[in-house]
Amino acid sequence: MNIRTVSTSPFADQKPGTSGLRKSTAVFQQPNYLENFIQSIFESIKDCQGQTLVLGGDGRYYNRQATQIVLKMAAANKFGRIKVGHRGILSTPATSCIIRKYNALAGIILSASHNPGGFLGDFGVKYNVSNGGPAPEKVTQAIYAYSKTINYYKILDAPDIDLDTLGESRLGNTVVEVIDPVYDYEKLMETLFDFDCIHQLLTKSGFRMCFDALHAVTGPYAHSIFEHRLGASMGTVRNGTPLEDFGGGHPDPNLVYARDLVEILYGKDAPDFGAASDGDGDRNMILGRNFFVSPSDSLAVLAANAKLVYGYKSGLAGIARSVATSTAVDKVAAKLGIDCYETPTGWKFFSNLLDAGLVTLCGEESFSTGSNHIREKDGIWAVLFWLNILAVRQQSVEQIVQEYWQLYGRNYHLRYDYEGVDPERAATLMNKLQTSMASLKGKRFGPHEVIYCDDFSYTDPVDGSVSTHKGIRIIFDDESRIVFRLSGTATYAATIRIFLETYEPKVAKQNQQPQQALASLLAIANEIAQLSILTGMEKPTLII
Ligand code: G6P
Ligand code: ZN
């Protein structure tokens, strides 16, 4: 078979964001667009000869065609073996698991995560390195730099691989192995959780759960693990077949986009437990009967209860959360006498801490939780963690969270998104915030006084690398916080995110609506950033 060297010219916009390169599908389908980025990834690796690559995607539109292109390019770039998911399917956490288990050099995940798919939706490429985690910034910078000068890519002239049949075949000298996407991942979960105990909960105690895969990648994982292995009744998993357009939905597990699941959990005869995951399976939302667990609280509850769970029974080394995540888990870490690290947004910033053994659990406000079992956040893992705690404690989700609030206090936390903002307006808003920082310290806004304010920068404690401009933090004397940052995953215009947090130690005040508890902080955020004037928008497009 013939290796073809195809001449090409650069695209100016192949700068990876918070999580890989994410663009509209139409952008990705331009001639050479995907090929340029994939070749830039391979160039950053330098020597692919004989190495193993793990390849899969979330099943969205263009997944299959893109998989064939990457397979032929990986063969032309001399990978020795490619493990590719059956039908092109692999969740992000399963990819991380397989990279680590088989000592692969790299993984490529074809996904735009929680963004809608389809011809009119988004597509994306995520690149993971040999520890199973997202490529660190120095690697994504090298990929971007190469993409700006690229003049050729390599591809094998060969027929398509049959992705519908498990087993090995060849592409030139490269072995292509079509693998069961669930098998290795499920085996790993068995080592972390007490499956017998969860099986009992799901089969003998009258406990009912509902999992919504939102027509995205976790369907096969959820059917296999919850229904077949753990005995949950058939029908527990909703929308469990991955569809190219995610059934027209927005595969993001939150109160807005997983509306049907929310209605079930807040409806008549609601089950005891509900959960959902996103397009590529790394996010999670946790619900109890008539009860929503905020992502920041979920991280804190997992940390506080970790010793009840087999894989974590010897305790946690430390915990990490992103700057935008509430500080709830900091209190748990303090009680446990372990360190809590504050990182920039993006799972890649947890990798070094996990590799160095400094932390065991990590989480982000973006419905993301995970641990040192892999180097990605993990939706199904979070659901199993909750199920294991529920099975041991024999209490409801609400009781567990209420007890946690009573013990540690409640951190109300919400995110206000202004999506589709003109990028120049967004930059002006952030610049104005930068310049106003100096005058904020010591300023009083009603009951809240600013005690600290900065543009968050992070020095990685393991390799010393420094990341700057990661969000404007405003911290008040009563532990309230406001964080402003620009999203790094938006595929059109700019998205401004505002994170509000306030701490409530008094039990009597712990059952307010978050929007009510955070109303005065929202007014302060508006005053400081002149949100409506500078965005030109009356209100945010999304509150979660
Ligand atoms: C992805 C990343 C997360 C990040 C989230 C939001 O899911 O993997 O680490 O928290 O996007 O990123 P953004 O830059 O849009 O706020
Ligand atoms: Zn995702």
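Contour minus end-to-end for residue 119 and residue 152, with contour as 0.36 nm per residue of separation and end-to-end as the Cα-Cα distance?
Contour length minus the Cα-Cα distance gives 9.2 nm.
Multiply the residue gap between residue 46 and residue 208 by 0.36 nm, knock off their C-alpha separation, and tell me the result in nm, one decimal place.
Fully extending the segment from residue 46 to residue 208 adds 53.2 nm.
With labels modelled as points extended 7 Å from the Cα through the Cβ direction, what inter-label distance (nm, one decimal) is found for residue 399 paired with residue 454?
4.3 nm
Report the FRET efficiency, 1/(1 + (r/R0)^6), for residue 255 and residue 509, where r is their Cβ-Cβ distance and R0 is 25 Å, rounded to 0.05.
Taking R0 as 25 Å, the efficiency between residue 255 and residue 509 is 0.70.
Give me the percent relative contact order of the chain, please, defined on Cα pairs under 8 angstrom at least 6 residues apart.
Relative contact order, the chain: 13 percent.
Using only the Cα atoms of segment 410-543, what do you get for the radius of gyration and for Dmax, in Å?
Rg and Dmax of segment 410-543, Cα atoms, are 15.4, 45 Å.
At what distance in angstrom do the alpha carbon centres of segment 483-501 and segment 4-49 lie from each other?
25 Å
Once you have the alpha carbon radius of gyration of segment 191-250, what is it after dividing by 2.2 N^0.38 Å, with N set to its residue count?
That ratio works out to 1.21.
Given all pairs of different Cα atoms, what value in angstroms does the Kirkwood hydrodynamic radius of segment 185-408 take?
Hydrodynamic radius (Kirkwood, Cα pairs) of segment 185-408 is 17.3 Å.
Could I get the Rg over Rh figure for segment 60-121? Both from C-alpha atoms, Rh via Kirkwood, rounded to two places.
That ratio is 0.98, to two decimals.
Find the Cα radius of gyration of the chain, compare it with 2.2 N^0.38 Å by division, and give the number to two decimals.
0.95
Sort 430, 189 so that the residue with the fewest other Cβ atoms within 10 Å of its own Cβ comes first and the one with the most comes last.
In order of increasing Cβ crowding within 10 Å: 430, 189.
Considering the zone a paramagnetic label at residue 539 would reach in this model (a point 7 Å from Cα along the Cα-to-Cβ line), which residues of segment 396-430 have amide N under 13 Å from it?
Answer for segment 396-430: 417.
Can you work out D for segment 74-195 in µm² s⁻¹ from Stokes-Einstein, where Rh is the Kirkwood radius over C-alpha pairs, the temperature is 20 °C and the viscosity is 1.002 mPa s?
For the chosen part, D equals 132 µm²/s.
Using the Cα atoms as the points, what is the convex hull volume per residue of segment 2-181 in Å³?
99 Å³
I'd like the Kirkwood hydrodynamic radius of segment 145-228, using the inverse of the mean 1/r over distinct C-alpha pairs, in Å.
So the Kirkwood estimate lands at 17.2 Å.
If the chain between residue 7 and residue 131 were fully stretched, how many nm would it gain, using 0.36 nm times the residue separation less the Cα-Cα distance?
Contour length minus the Cα-Cα distance gives 41.4 nm.
What fraction of the DSSP beta bridges in the chain is antiparallel, stated in percent and rounded to the nearest 5?
Expressed as a percentage, antiparallel bridges in the chain total about 70.
Distance cut-off 20 Å, Cα to Cα: go down the list 307/335; 126/348; 15/126; 72/348 and report the pairs above it.
72/348
For each of 241, 491, 345, count neighbouring Cβ atoms within 10 Å of the residue's Cβ, then give the residues from fewest to most.
Starting with the residue having the fewest Cβ neighbours, the order is 241, 491, 345.
Each reported figure results from applying straightforward, stated rules to the coordinates on display, with no laboratory input. None of these values were measured; they are calculated from a predicted model. Using ideal geometry, Cβ is built from the backbone for each residue, glycine included, and neighbour counts are taken over all protein chains shown.
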